[in-house]
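The values are calculated or read from the model by the stated rules, or taken from the named source; none is laboratory data. The model shown is predicted, which means the values in this text are computed figures rather than measured ones. Here the Cβ positions follow ideal geometry from the backbone for every residue, glycine too, while neighbour counts run over all protein chains shown. Please note that ligands, DNA and RNA were not included when accessible areas were found on the heavy atoms of the full protein model with its side chains. Shrake-Rupley method; radii C 1.70, N 1.55, O 1.52, S 1.80 Å.
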Amino acid sequence: MTARIGVITFPGTLDDRDTQRAVRAAGAEAVPLWHRDKDLKQADAVVLPGGFSYGDYLRAGAISRFSPVMETVIEQAKAGMPVLGICNGFQLLTESHLLPGAMLRNNHLHFICRDQKLRVENADTSWTTDYETGQEISIPLKNIDGRYVADERTLDMLEVEGRVAFRYLVGGEAAEGYGNPNGSLRDIAGITNEAGNVVGLMPHPEHAVEPLIGTGRTDGLGFFTSILKKLVNA
């Protein structure tokens, strides 16, 4: 069985080709999907890649949330299909209410681009089983609307239910990738839904799958090998 992982392109998407490359690097088949088509072309899982869909007008992800393909994605995600949202894709998942909370402008009001240290908080989701809880990884980060916020009740729920998937590592030098880069509450870099099939995060694992590019490390490859193993062993 060859796992088919769909990668959706919206107007303004930047990282769809990089994500397709990451999918292939893990050994799965990358299936290009267009935002105006409801058909997921028999994809077993879907990635919403990074970029600036519809120019981030109104709010990041606010317009693309109503693209025809999202009707199918939302329906299938609720039925258990694995969905990964990266950066703009994470913003889109919150706008679609597949994940709680919202993304706001970085607290310093500037675009930020750097290698970012993360700690894996949940290694039991569809996209994180090739990591270990507590593992520290380095993943490229690039955003201006990356500040994760939610009300205290929602934040407490995420903590209690183990739904914080990744957290920014603090305590070191910013030049080395430590610290909260955007003011996200409780240093949250990524979260998951209750079922563990939907994951969203701001950093870009697709830029850390080959030693010759990105961070020079392959810390992001585990996202794609994790989902491949889940689909093959299902």
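Once region 1-10 is narrowed to residues that are part of a loop (DSSP other than H, G, I, E, B) and open to solvent by less than 60 Å² (accessible area, probe 1.4 Å), the residue that is nearest to Ala234 (Cα to Cα) is Ala3. Pairing each residue of region 99-111 that is touching a residue at least 40 places away in the same chain (Cβ under 8 Å) and farther than 16 Å from Leu141 by Cβ with any residue that is of a type in the set (Phe, Trp, Tyr) and surrounded by 12 or more Cβ atoms within 10 Å (Cβ to Cβ), provided the two are 6+ apart or on different chains, yields C-beta distances under 7 Å for Gly101/Tyr148.
Comparison of Asp130, Asp156, Asp124 shows that the only residue that is open to solvent by 30 Å² or more (accessible area, probe 1.4 Å), more than 19 Å from Gly89 (Cα to Cα) and free of Cβ contacts under 8 Å to residues at least 40 places away in the same chain is Asp156. Of the residues making up region 11-34, those that are modelled with pLDDT of 95 or more and either open to solvent by 50 Å² or more (accessible area, probe 1.4 Å) or part of a loop (DSSP other than H, G, I, E, B) (or both) number 11.
Looking across region 51-77, the residues that are open to solvent by 60 Å² or more (accessible area, probe 1.4 Å) and closer than 17 Å to Asn106 by Cα come down to Phe52, Tyr57, Leu58, Arg59.
Of the candidates Val199, Val232, the single residue that is touching a Leu at 6+ places or on another chain (Cβ under 7 Å) and either assigned to a helix (DSSP H, G or I) or at pLDDT 95 or above (or both) is Val199.
A count restricted to region 102-144 and to residues that are part of a loop (DSSP other than H, G, I, E, B), modelled with pLDDT under 95 and aliphatic (A, V, I, L, M) stands at 2. Among the residues of region 159-179, the ones that are in a loop (DSSP other than H, G, I, E, B) and either touching a Cys at 6+ places or on another chain (Cβ under 7 Å) or open to solvent by less than 20 Å² (accessible area, probe 1.4 Å) (or both) come to 3 in all.
Within region 35-50, the set of residues being surrounded by 22 or more Cβ atoms within 10 Å (Cβ to Cβ) and not in a strand (DSSP E or B) comprises Ala43, Asp44, Pro49, Gly50. For region 180-234, which residues satisfy the criterion of being farther than 21 Å from Asn88 by Cα, crowded, with 18+ Cβ neighbours inside 10 Å and of a type outside the set (A, V, I, L, M, F, W, C)? Thr225, Ser226, Lys230 - these are the residues of region 180-234 that are farther than 21 Å from Asn88 by Cα, crowded, with 18+ Cβ neighbours inside 10 Å and of a type outside the set (A, V, I, L, M, F, W, C). Within region 92-121, take every residue that is within 16 Å of the chain's Cα centre (by Cα) and among the polar types (S, T, N, Q) and give me the one that is surrounded by the fewest Cβ atoms within 10 Å (Cβ to Cβ). Only one residue fits best here, namely Ser96. Checking each residue in region 78-91 for being over 10 Å from the mean Cα position of the chain (by Cα) and either over 17 Å from Gln42 (Cα atoms) or surrounded by fewer than 24 Cβ atoms within 10 Å (Cβ to Cβ) (or both) picks out Lys78, Ala79, Gly80, Met81.
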